[in-house]
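First up is the structure itself, then whatever we jot down about it.
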Amino acid sequence: MEFVVDSMLGDIARWLRMLGQDTLYSSKFEDWRILKIAEKEGRIIVTRDRGLFARAKKKGLKVVLVELGRVEEQIAEVALRTGMELSFDPNKTRCPYCNTRLVKLSKAEALSLLPAKVVSAYDEFWRCPKCGRIYWQGSHWRTINEVLKRANAIIKLRGFSK
Ligand SMILES: [Zn+2]
């Protein structure tokens, strides 16, 4: 799935990228620019702004309105509206900062880039080929599965109440 996220929702943009979704985001995106990107590239708009939501609807664009709240509630809303699956696959994830698909590192490569203490404590490492950030499970991604569990619980509850 491909998204463009409004400038107020940086957290959601990072989450969508971690879930492997191609997500454009900038804190400087103005509404007209978001509408243009969505129109041109067929991306789904995610916004908290009712005005932008209404304008997107009018243009016949796909758009999800999220409320102010916790990130698990917001990603649950996106999943409910789009059918996006809420599961985490480290081999499909994107860099939360620049949206680039991560590549897996071998232990030897990880050793040349990280302290030996870190490399010996974890099994798998990924690197963003664009911005160079390195990721491993147990640090940056520690809470991902917990948040997804809560988000999936919200979806189940909402599914029953409909
Ligand atoms: Zn990156």
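What about Leu148, is it out of contact with any strand residue (DSSP E or B) (no Cβ under 9 Å at 6 or more places or on another chain), more than 16 Å from the ligand (Cβ to nearest atom), closer than 23 Å to Met1 by Cβ and part of a loop (DSSP other than H, G, I, E, B)? Criteria not met by Leu148. No other residue among Glu39, Glu67 is under 19 Å from the mean Cα position of the chain (by Cα), surrounded by fewer than 18 Cβ atoms within 10 Å (Cβ to Cβ) and among the charged types (D, E, K, R) apart from Glu67. Going by the conditions given, is Leu61 in contact with a strand residue (DSSP E or B) (Cβ under 9 Å, 6 or more places away or on another chain) and assigned to a loop (DSSP other than H, G, I, E, B)? Here the answer is yes, as Leu61 does meet what is asked.
Screening the range 74-110 for residues that are of a type in the set (D, E, K, R) and surrounded by fewer than 16 Cβ atoms within 10 Å (Cβ to Cβ) and picking the one that is farthest from the ligand (Cβ to nearest atom) gives Arg81. Among the conditions (1) in contact with a Gly (Cβ under 8 Å, 6 or more places away or on another chain); (2) within 30 Å of Asp123 (Cβ to Cβ), the only one that Glu2 does not satisfy is (2).
A single member of Asn91, Asn152 is over 23 Å from Leu9 (Cα atoms) and under 16 Å from the mean Cα position of the chain (by Cα), and it is Asn91. Determine whether the range 101-119 contains at least one residue that is under 13 Å from the mean Cα position of the chain (by Cα) and either part of a helix (DSSP H, G or I) or modelled with pLDDT under 95 (or both). Checked against the condition, which is being under 13 Å from the mean Cα position of the chain (by Cα) and either part of a helix (DSSP H, G or I) or modelled with pLDDT under 95 (or both), the range 101-119 yields no hits at all. Please work out if Ser27 is surrounded by fewer than 18 Cβ atoms within 10 Å (Cβ to Cβ) and under 13 Å from the mean Cα position of the chain (by Cα). So Ser27 fails the test.
The values are calculated or read from the model by the stated rules, or taken from the named source; none is laboratory data. From a predicted model like this one, the values you see are computed outputs, not experimental measurements. Note that we place each Cβ from the backbone using ideal geometry, even for glycine, and neighbour counts take in every protein chain shown.
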